[in-house]
Protein chains: 2
Amino acid sequence: MKVKLVSNILDANTAMAAENRRRFQQEKIFVLNLMSAPGAGKTSILEKTIARLKDRVSMAVIEGDICTTKDAERIAALGVEAVQINTDGACHLDANMMASALANLELNSLDLLVVENVGNLVCPAEFDLGEDLKAMVLSVTEGNDKPFKYPLMFRESKAILVNKIDLLPYTEFDVEALRRDLAEINPGAEVFLVSARTGEGIEAWASWLERKVKEKKDF
Amino acid sequence: MKVKLVSNILDANTAMAAENRRRFQQEKIFVLNLMSAPGAGKTSILEKTIARLKDRVSMAVIEGDICTTKDAERIAALGVEAVQINTDGACHLDANMMASALANLELNSLDLLVVENVGNLVCPAEFDLGEDLKAMVLSVTEGNDKPFKYPLMFRESKAILVNKIDLLPYTEFDVEALRRDLAEINPGAEVFLVSARTGEGIEAWASWLERKVKEKKDF
């Protein structure tokens, strides 16, 4: 019975996500769903990505948090429109919350919409929001054993950003072991080694994302 | 309807947790529910805690993970009995999973049972397992803004272990700001600054936990 229930909730979510996706297709907006554990550096990476992309593509951000508007304030301070969703306890965004947030944005003026999901390495990966691309951040301080322990998000993500590489010398994180595990779980994923703090690797990621945005625009 | 549903699941969990608690009371076992985001260092702290406590108290560990038996293998390697629960996708342990795991342990020989929850800063805090004490780990690499963003776990935890303090010089983590936020959210919490890597602060935490175990035993 519990399983049936979850499946019904997921079915309802999938229908709503399809409706979101139809709108994004109509407006030719590329939508990125950015996920990670808490504190992996989603907002910091986003700040650096915005600094590089905001003059090249028209963008907005939806910030998902259980509480507070801290992250949306950080984004708005960079001159990019930010809508905050407070989930009031829920551990992930769903397609319905996404649809509500869209009412606050001028979709036809946008090329790129970034959704920063709730910090959680589990549940967000289960909920389709209607996005074009899921990406995730793994920080090196979390350890390289995560792909097999939390396989769904690593499997669903087309891009995996390995963040805080400036801390590599102070951790036992094994980049090659991570690459081997990812090759098994998700061989097609793009892997970017970055440091939101030093800016290392951000340009490669931002350029890759920009190409994806333009591919959709030109299609 | 969705809210009612969640409330029914939580009600069922509370009833099962009460039954677990009754068993723990009967056997005079102290049960610790250890929670954190993925990669904050629960297992590493547990390894160091076991090294200090295993000759002083009779203990066992229940490991909650979505997949893999990696963490239970690390614990078993230290000569402590470890039971692995694989949640098969679920993002938290519940009282029913806990009850199933208990069938694999000789409860009457134990003083301390540690439950390492699924790595998740959100959902585990909502599910009572019947434990005596909830504790959590926050690693300094996650940032000091977490208490107000994920308030439930910080509020529910009687002990908060701030881990990876060996990395403090390489992060912007502000220990005093964290203490101020915790004083507001959960003024009674014990805060331990630790490094599972160097062992710093582990003795203070382990001794505190040992006192709690003995208080219950002597009661």
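The values are calculated or read from the model by the stated rules, or taken from the named source; none is laboratory data. Because the structure is a prediction, the values reported are computed rather than measured. We place every Cβ from the backbone using ideal geometry, glycine too, and count neighbours over all the protein chains shown. Remember, those area values only see protein heavy atoms, side chains included, never the ligands or the DNA or RNA. Shrake-Rupley method; radii C 1.70, N 1.55, O 1.52, S 1.80 Å.
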Counting other chain Cβ atoms within 10 Å of each Cβ in A:59-70 and taking the mean gives 2
Based on DSSP H assignment, which helices of chain A show an axial Cα extent of at least 20 Å together with a mean Kyte-Doolittle hydropathy greater than or equal to 1.0?
none
Heavy-atom accessible surface that B and A bury in contact, both chains counted, 1.4 Å, Å² to 100
2900 Å²
Could you tell me whether the protein assembly as shown comes out rounded, prolate or oblate from its Cα gyration tensor? Rule is a ≥ b ≥ c as square roots of the eigenvalues, rounded for a/c under 1.5, then prolate if a/b exceeds b/c, otherwise oblate.
prolate
Tabulate in residue order the Karplus-calculated ³J(HN,Hα) for the stretch B:187-196, using 6.51 cos²θ - 1.76 cosθ + 1.60 with θ = phi - 60°, rounded to whole Hz; enter x for Gly and Pro.
x, x, 5, 7, 10, 10, 8, 9, 10, 5
Would you mind putting A:124-134, A:12-22 in packing order, based on average other-beta-carbon counts within 10 Å, highest first?
A:124-134, A:12-22
As a check on your grasp of the helix formula, calculate [θ] at 222 nm for chain B: sum -39500 (n - 2.57) over DSSP H runs of n ≥ 4, divide by the residue count, round to the nearest 500.
-12500 deg cm²/dmol
Excluding residues on the same chain fewer than 8 positions from B:Lys216, give the lysines whose Cα lies under 25 Å from its Cα.
B:Lys28, B:Lys42, B:Lys48, B:Lys54, B:Lys134, B:Lys158
The Kirkwood hydrodynamic radius of the stretch A:2-218, taken as the inverse of the mean 1/r over all distinct Cα pairs, in Å, comes to 17.5 Å
For the stretch A:2-218, calculate the relative contact order in percent as a whole number, restricting contacts to Cα pairs under 8 Å that are 6 or more residues apart.
26 percent
Once phi is turned into θ = phi - 60°, what whole-Hz ³J(HN,Hα) does the Karplus curve with 6.51, -1.76 and 1.60 give for every residue of the stretch A:79-89, x standing for Gly and Pro?
x, 10, 5, 10, 10, 9, 9, 9, 7, 6, x
Could you give the dipole magnitude of the stretch B:12-118 about its Cα centre, charging the beta-carbon of Lys and Arg +1 and that of Asp and Glu -1, in debye to the nearest 20?
360 debye
Shortest-first distances to equivalent copies, position A:Ser207, nm, label 7 Å out along Cβ:
5.6
If you count, for every residue in A:30-42, the Cβ atoms of partner chains within 10 Å of its Cβ, what is the mean?
4
Quick one: Debye curve from the alpha-carbon atoms of the stretch B:112-181 only, equal weights, vacuum; give me log10 I(q)/I(0) at q = 0.27, 0.28, 0.29 Å⁻¹ to two decimals.
-1.33, -1.39, -1.46
Phi to ³J(HN,Hα) by Karplus 6.51 cos²θ - 1.76 cosθ + 1.60 over the stretch B:104-112, Hz, x for Gly, Pro:
9, 10, 8, 4, 6, 9, 10, 9, 9
Using the 7 Å Cα-to-Cβ label point, sort the distances from A:Asp55 to its equivalents in the other copies shortest first and give them in nm to one decimal.
6.6
Give the chain A residue with the shortest beta-carbon distance to the rotation axis relating chain A to chain B, plus that distance as a whole number of Å.
A:Thr141, 2
If we hang a label 7 Å off Cα along the beta carbon direction at A:Ser109, how far is it from the matching labels on the other copies, in nm, shortest first?
7.0
Total charge dipole magnitude, the protein assembly as shown, about the Cα centre, Cβ charges on Lys, Arg, Asp, Glu only, Debye to nearest 20
220 debye
If amide hydrogens are placed 1.01 Å from N in the peptide plane, which non-local residues have theirs closer than 5 Å to the one on A:Glu200?
A:Ser195
Amide H proximity to B:Val115 below 5 Å, modelled H, separation 5+ or other chain, gives B:Leu32, B:Asn33, B:Leu34, B:Ile62
Residues whose modelled amide H sits under 5 Å from the amide H of B:Glu81, counting only those 5 or more places away in sequence or on another chain, are B:Val61
Average accessible area per residue (Å²) across the protein assembly as shown - probe 1.4 Å, nucleic acids and ligands excluded:
41 Å²
Is the C-alpha gyration tensor of the stretch A:127-219 telling us rounded, prolate or oblate? Criteria: a/c under 1.5 is rounded; beyond that, a/b larger than b/c is prolate, otherwise oblate.
oblate
Student exercise, the stretch A:2-218 dipole from Lys, Arg, Asp, Glu Cβ charges, in Debye to nearest 20:
300 debye
Along the positive direction of the dipole of the stretch B:171-219 (beta-carbon charges: Lys, Arg +1; Asp, Glu -1; about the Cα centre), which of B:Trp205, B:Ala183, B:Thr171 reaches farthest?
B:Trp205
